[in-house]
Structures are given as structure tokens and as C-alpha cells.
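**Student:** Once you've had a glance at the structure underneath, I'll fire off some questions.
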Amino acid sequence: GSQTYGNPVVADGKIIVGTNNNGHLRPGIEGDKGVVLCLDEKTGGLIWQATHDKLPTGRVNDWPEQGICSTACYSDGKVYYVSNRAEVICADPEGMRNGNDGPYTDEKYKEEMDADFIWIYDMIDELDAFPHNLATCSPVIWKNYIFVSTSNGVDEGHLDLPEPDAPDFICLDKNTGKLLWDKNYTKGKVLHGQWSSPACGEIAGREQVIFGAGDGWVYGLDMKTGDMIWKFDMNPKDSKWVLGGRGTRNAIIATPVIHENNVFLCVGQDPEHGEGIGHLYRIDATKTGDITESGKIWHLGGEDFKRSMSTVCIVDDLMYASDLSGFLYCLDAKTGRKYWTHDTFAAIWGSPYYVDGKVMLGTEDGEVLVFDHSRTKKLIATNDMKNSVYTSPVVANGTLYITNRNTLYAIAAGAQAKPQAAARAN
């Protein structure tokens, strides 16, 4: 495609990645669509394509040419993602090649190179969700639960919330797609959209799912019931939301990170709003209730950390965090102390990624920078990927996968020459 924002997922010899239809990989399907590609891990060849028509309501719910931003989740031989139509999809990794197995059998596209859906949960039809610009959540699975943000947001004028009573966050049975619970904790106070993806884990012996909401609060919820365990306001009390990014209050786009019973998370806005004051927190997730004051372990913000869409990376008590303004920070995860800063001189949409003693990060200028994992800054390499990199690098089975705006590259371990499009999906 021509726009790619979600990361590739590699499992069972296949690569799953979302994009738009401008690559024209599936013959006979033309026009603006959201697509998910399943590629052969060794060759990059197309196995199947899931094709989703655009919503008839247009750009307010489904922005043109943006495709599918959701990063898929692969669990127990099934593929899960959120479509541009705000549907939670469970798909057969073999596609239609082994038949239309059901129980869902009403696919629009049913050729051998098409996707085979097992079940679909439509958050617009079932919950009255109103995704602003695009449904973007990357689902997370824990045991038999699948957790998803509904992306419920404001109208085209950015002044009203058309569906204030629609849930913000839901839990489905991953095997059947049945709704287990839904929650609305923002209570009509969504600032713009809801584009963060959840994280889940065991915190002090209790299973929690962490949800960054569109009101600028992060919530720790009981996985089984959705009941709130704690909440934390990610913005100072004197912050103000102003249309177009001119204010100081922010929503949450990054994904929370759970580490040693703590949650690490930053705030941000639609990148079209530009740079602005941001905040990065380490939160004690063992507490209960409103823990905005009691749960704050450390905070970095103001002029020291700007708006960010990036998820932090923690290795050996070193934390790597990046912001939209183009800075990569190496911090002490325990104290928030800065060890070093690097200015990439380009906007950053993706997140730092650690592998084999190295930290990688892509930029909007199309560079992937490689740093030594250390308290002392050492830039090892700068790689030109020829187009904007809005995603995060991924390593699987000795191969590095980097997705720029329109091409997926598979790079062998130890490769020294310029990367070639070994697995190309444009």
C-alpha cells in the first residue's frame, strides 16, 4: 500500500501487516480499501488479502487512503485485528485456501487469495461507537480475553461527541467474539479520538488490563469484570484542551508498558496538531482509586519531554522513550534521570525497539537509527529507508523487518549492504 502505520507480525511462517489497497496485490479489487496482507515469511509472496470497504460516512469515521492501522495479534492459530470499519476481526491464517470454514460465511470477497473470517464483532452496529477519523486499536489477548478500544470520538466539527454513552473499551471472548463486558469511563469527556491500544499483565498478583483513554486518563481495570482498580490523570490539573493542538491538555495515543508492577506511559495528540508540551510518567499500579498523586513515582514533561505517540522500551532498567519532536531519550527507568538525548531532526511516530544489545528507531524522514544499548550514547548506524517510517522495527527468526510508508523490507541478520525489498508489499 501507500500508507502503512501498523507493525508486521510474524508467526507460523507468515507475516501479517495492515495497509491500504494502493499496492493492488489482489487482482480485481480496485479503489480505496483497508487491507490486511498475509505474506509468506520466506518469499514475501501474497498468501491472502483481507479487504474492507470504506465506511459510507467518509473521513469523519474512516479517513481516505489510511487503510488499516491496527497491528494484528496472533493467538492459538488465529489472526485478530481491528478493521477500518471498527470491526474486531478473527481470521483464519490460511485464508480461503482451505475453504470458507465459518462459522462466519458472509465474506464479500471469497476467492482463493481472500481472507476467511471466523467471526466479526462490529463496534458501530453493536455499540453505537463513533470512531473519529479511524478505528486504530491493536487488540491484546490474555488467555481467552481479547481487549479493544472502540475508538469512540468527536464529530467532524470537533465540538460534540455524537455517542457519549457508547463504550470506550470492551472485552470479547477470543474464541466466539461474544461481548463479555463493556465500559464507558470517559463519560462524554473524550477530547478528540481514542487511538491508544491496551496492555495487560499481572500486577502484584492481580490480572489487570491498562487502557489509555481519550479523556487523558489512564485506567487500570480488572480483566474479568472491567471494574476500575485505579485511574491516573496524565495531565496537570491546570492544563487546557484547545482545538487544533493549541492547548496544554493531551490525550493518550501511546501504548502503556507494564514493568515491575509499574505502568510507563506518555501523552500526545493527533500528529497533525504538531509539537507541544508532553508528559511521561512512571505509575505505581498496585494502588487503588484515584492515584494521580499517590501513584506518581516520577514524571518528565514540559519542555523536557514533548507530545508523543511512542511506546517506551525498557531493558536492564534503561528506558528508551521518543517524542514527536524527534528526540530519543535514554533514561533510568527507576528514577527518570536522563542519561542521554539524541535529536533525529525529524518527527517520530513509531517506538524504540531493542534487540541483541541494540536500540532501533525509525523517523518520518525515512531513517532507521541504530544505537548501542548503553548509558553512554553511541550511534552505530543510520539507514536510509527511502520513505517515511511510521512503524517500529520487528525482529523474528533472525530477520529484521522494517516497514516504511509503502514497502516491507526483510533484512537478513548480519547484512551489510543496502537493504533490498526481499519481502515487498507495495
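**Student:** Going by the conditions given, is VAL209 buried (at least 21 other Cβ atoms within 10 Å of the Cβ), of a type in the set (Val, Ile, Thr) and closer than 19 Å to THR286 by Cα?
**Tutor:** yes
**Student:** Going by what's in this entry, would TRP340 be described as more than 21 Å from GLY44 (Cα to Cα), hydrophobic (A, V, I, L, M, F, W, C) and touching a residue at least 60 places away in the same chain (Cβ under 8 Å)?
**Tutor:** Details: more than 21 Å from GLY44 (Cα to Cα): yes; hydrophobic (A, V, I, L, M, F, W, C): yes; touching a residue at least 60 places away in the same chain (Cβ under 8 Å): no.
The answer is no for TRP340.
**Student:** Looking at the range 51-60, can you tell me whether even one residue there is small (Gly, Ala, Ser), outside any loop (DSSP other than H, G, I, E, B), in contact with an Asp or Glu (Cβ under 9 Å, 6 or more places away or on another chain) and buried (at least 19 other Cβ atoms within 10 Å of the Cβ)? Before the answer, list the steps.
**Tutor:** Residues of the range 51-60 small (Gly, Ala, Ser): 58.
Subset that is outside any loop (DSSP other than H, G, I, E, B): 58.
Those still in the list that are in contact with an Asp or Glu (Cβ under 9 Å, 6 or more places away or on another chain) too: 58.
If we keep only those that are buried (at least 19 other Cβ atoms within 10 Å of the Cβ) too, we end up with none.
Scanning the range 51-60, I find no residue that is small (Gly, Ala, Ser), outside any loop (DSSP other than H, G, I, E, B), in contact with an Asp or Glu (Cβ under 9 Å, 6 or more places away or on another chain) and buried (at least 19 other Cβ atoms within 10 Å of the Cβ), so the answer is no.
**Student:** May I pose another question? Would you check which residues across the range 162-189 are surrounded by fewer than 20 Cβ atoms within 10 Å (Cβ to Cβ) and out of contact with any strand residue (DSSP E or B) (no Cβ under 7 Å at 6 or more places or on another chain) and list them?
**Tutor:** Listed by number, the residues that qualify are PRO162, PRO164, ASP165, ASN175, ASN184, LYS187, GLY188, LYS189.
**Student:** Among the residues of the range 35-67, how many are within 14 Å of GLU156 (Cα to Cα) and touching a strand residue (DSSP E or B) at 6+ places or on another chain (Cβ under 6 Å)?
**Tutor:** 1
**Student:** If you go through the range 190-206, how many residues are part of a loop (DSSP other than H, G, I, E, B) and surrounded by fewer than 19 Cβ atoms within 10 Å (Cβ to Cβ)?
**Tutor:** So in the range 190-206, the residues part of a loop (DSSP other than H, G, I, E, B) come out as 190-198, 204-205.
Okay, now just the ones that are also surrounded by fewer than 19 Cβ atoms within 10 Å (Cβ to Cβ), so 204-205.
Qualifying residue count, the range 190-206: 2.
**Student:** For residues that are touching a strand residue (DSSP E or B) at 6+ places or on another chain (Cβ under 7 Å), of a type in the set (Asp, Glu) and free of Cβ contacts under 8 Å to residues at least 40 places away in the same chain, tally how many sit in the range 281-312.
**Tutor:** Matching residues across the range 281-312 total 1.
**Student:** For the range 86-108, give me each residue that is among the charged types (D, E, K, R) and closer than 17 Å to SER196 by Cα.
**Tutor:** GLU87 - this is the single residue of the range 86-108 that is among the charged types (D, E, K, R) and closer than 17 Å to SER196 by Cα.
**Student:** TRP349 - would you say it is part of a strand (DSSP E or B) and among the aromatic types (Phe, Trp, Tyr)?
**Tutor:** Answer is no for this residue.
**Student:** Among (1) surrounded by fewer than 22 Cβ atoms within 10 Å (Cβ to Cβ); (2) within 20 Å of TRP217 (Cα to Cα); (3) in contact with a Gly (Cβ under 7 Å, 6 or more places away or on another chain), which single condition is GLY268 missing?
**Tutor:** GLY268 satisfies all of (1) surrounded by fewer than 22 Cβ atoms within 10 Å (Cβ to Cβ); (2) within 20 Å of TRP217 (Cα to Cα); (3) in contact with a Gly (Cβ under 7 Å, 6 or more places away or on another chain) except (1).
**Student:** Report, by residue number, each residue of the range 295-317 that is hydrophobic (A, V, I, L, M, F, W, C) and under 16 Å from ILE283 (Cα atoms).
**Tutor:** Passing the criteria: ILE297, TRP298, LEU300, VAL312, CYS313, ILE314.
**Student:** Sticking with this structure for a sec: Is one or more of the residues making up the range 131-140 in contact with a Pro (Cβ under 7 Å, 6 or more places away or on another chain) and within 21 Å of ILE253 (Cβ to Cβ)?
**Tutor:** Keep residues of the range 131-140 that are in contact with a Pro (Cβ under 7 Å, 6 or more places away or on another chain), which gives 140.
Now drop any that are not within 21 Å of ILE253 (Cβ to Cβ), which leaves 140.
Within the range 131-140 (the criterion being in contact with a Pro (Cβ under 7 Å, 6 or more places away or on another chain) and within 21 Å of ILE253 (Cβ to Cβ)), the answer is yes, since at least one residue qualifies.
**Student:** Can you say whether LYS240 is assigned to a loop (DSSP other than H, G, I, E, B), exposed (fewer than 15 other Cβ atoms within 10 Å of the Cβ), at pLDDT 95 or above and touching a Gly at 6+ places or on another chain (Cβ under 6 Å), as far as the supplied structure shows? Step through it out loud before you land on a result.
**Tutor:** Working: assigned to a loop (DSSP other than H, G, I, E, B): yes; exposed (fewer than 15 other Cβ atoms within 10 Å of the Cβ): yes; at pLDDT 95 or above: yes; touching a Gly at 6+ places or on another chain (Cβ under 6 Å): yes.
Yes; evaluated as a whole, the condition is true for this residue.
**Student:** Also, I was wondering about something else. Of the residues ALA213, ALA251, ALA204, ALA166, which single one is aliphatic (A, V, I, L, M), modelled with pLDDT of 95 or more and in contact with a Gly (Cβ under 9 Å, 6 or more places away or on another chain)?
**Tutor:** Numbers: ALA213 fails: in contact with a Gly (Cβ under 9 Å, 6 or more places away or on another chain); ALA204 fails: in contact with a Gly (Cβ under 9 Å, 6 or more places away or on another chain); ALA166 fails: in contact with a Gly (Cβ under 9 Å, 6 or more places away or on another chain).
Matching residue, one of ALA213, ALA251, ALA204, ALA166: ALA251.
**Student:** If I ask for residues that are part of a loop (DSSP other than H, G, I, E, B), among the charged types (D, E, K, R) and surrounded by 19 or more Cβ atoms within 10 Å (Cβ to Cβ), which ones from the range 274-322 would you list?
**Tutor:** If the condition is that a residue be part of a loop (DSSP other than H, G, I, E, B), among the charged types (D, E, K, R) and surrounded by 19 or more Cβ atoms within 10 Å (Cβ to Cβ), then ARG307 is the only one that fits.
The values are calculated or read from the model by the stated rules, or taken from the named source; none is laboratory data. Nothing here was measured: the structure is a model prediction, and the numbers come from that model. FYI the Cβ positions are ideal-geometry reconstructions off the backbone, even for glycines, and counts take in every protein chain you see.
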